[in-house]
Amino acid sequence: MKQKPVVFSLIKEQSTFMTAIMSVLTFLSVLTLGIALMIGTGAIRMNTSWDLYATIQTTDSNDVQKIRDILAKNKNIIKSANEISASQMNNLMSPWVSGGTALQKYLPQMWEVKFATHNDLKSVQTQITPYSKFLTHRAALSTPIRAGWYLIAISALVLAVALGSITICITYIAHNTAILHKRELEILNQIGASDSFVANQMQIIVARICTRATIYGFILAVPFLLLISAAAHSTRVGLMAMIGLNTFGWILLILLPIAITVFATYITKHTTKKILKNS
């Protein structure tokens, strides 16, 4: 079936401007959404990875054996319990402090423990807290995880600004086009063309431009996301090392340009009808 040609089109300068601005806004939208998804994935992975881990510390030598007894009594609900030796502690602290054997009496005795379930962690925590400091890894990592959620909020704000800019640009282009083609619109009205027909003509034009522009923006954003992910993984520790995009994340990123195109055509139809009604 042969496609019907549109009655009028954007002038070259308008088409070039709209393609460029939509490409940039799509790039920013995909990039910010991708960063938000990567950080969110990292935060979830950290919670999942460290929720069952805890560190036990005591500086009182009289409590060391009590802690060992409690861990031995609960070994059936403990997946692993690693008692940090004096030499390991010296290695851990060497980047910050030094002092050899004189330092030994100031260093805590520590255990790294992984539990079978969260309830098991709580149970042992209740037993062991009177004799030591019991710090869950999730609590210790709460600050970087909170920072991750703040970054997600910022990314969402940038995405909202980008979508708002798209709305403004489409409204401006539709308004300008209606003015530039005022004579054609009058002729169309005289021969009985409905507002919906004229709006549909504008939608076809905008859909073509947006499809091309969003593809450009998406293709440009993907290498940046891959570069950010690779740079983050090179840190090897912390929240940054956990970030990444899973299959669901990539599907959302692919759907975003499609959603932007649909959104732009809707705004075009709404704006064009409003202009025609007021003209």
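Pairs please, first residue from segment 60-87 and in contact (Cβ under 8 Å) with a residue 40 or more places away in the chain, second anywhere and in a helix (DSSP H, G or I) and aromatic (Phe, Trp, Tyr), Cβ atoms under 6 Å, 6+ apart in sequence or on different chains.
Close Cβ pairs satisfying both conditions: 63/131; 66/131; 67/131.
Check off (1) modelled with pLDDT of 85 or more; (2) under 30 Å from residue 148 (Cβ atoms); (3) not polar (S, T, N, Q) for residue 238 and give me the number that stays unchecked.
Just one mismatch for residue 238, condition (1).
Among the residues of segment 105-122, is there at least one that is among the polar types (S, T, N, Q), under 34 Å from the mean Cα position of the chain (by Cα) and at pLDDT 80 or above?
yes
Only residues that are among the β-branched types (Val, Ile, Thr) and assigned to a helix (DSSP H, G or I): list them for segment 197-236, please.
The answer is 198, 204, 205, 206, 209, 211, 214, 215, 219, 222, 228.
Only residues in segment 233-258 that are outside the structural domain of residue 208 (by TED's automatic domain parsing) count as the first member; pair them with residues that are modelled with pLDDT under 80 and not in a helix (DSSP H, G or I), Cβ under 9 angstrom, at least 6 apart or cross-chain, and list the lot.
Between residues of segment 233-258 that are outside the structural domain of residue 208 (by TED's automatic domain parsing) and residues that are modelled with pLDDT under 80 and not in a helix (DSSP H, G or I), there is no close pair.
Give segment 107-119 a look and list any residue that's surrounded by fewer than 18 Cβ atoms within 10 Å (Cβ to Cβ), in contact with a strand residue (DSSP E or B) (Cβ under 9 Å, 6 or more places away or on another chain) and closer than 16 Å to residue 75 by Cβ, or say none. Step through it out loud before you land on a result.
Step one: filter segment 107-119 for residues surrounded by fewer than 18 Cβ atoms within 10 Å (Cβ to Cβ), giving 107-108, 112, 114, 116-119.
Checking which are in contact with a strand residue (DSSP E or B) (Cβ under 9 Å, 6 or more places away or on another chain) leaves us with 108, 112, 114, 116.
The answer is 112, 114, 116.
The values are calculated or read from the model by the stated rules, or taken from the named source; none is laboratory data. Every value quoted in this text rests on a predicted model; they were computed, and no experiment measured them. Glycine gets a Cβ as well: all are built from the backbone with ideal geometry, and neighbour counts include every protein chain shown.
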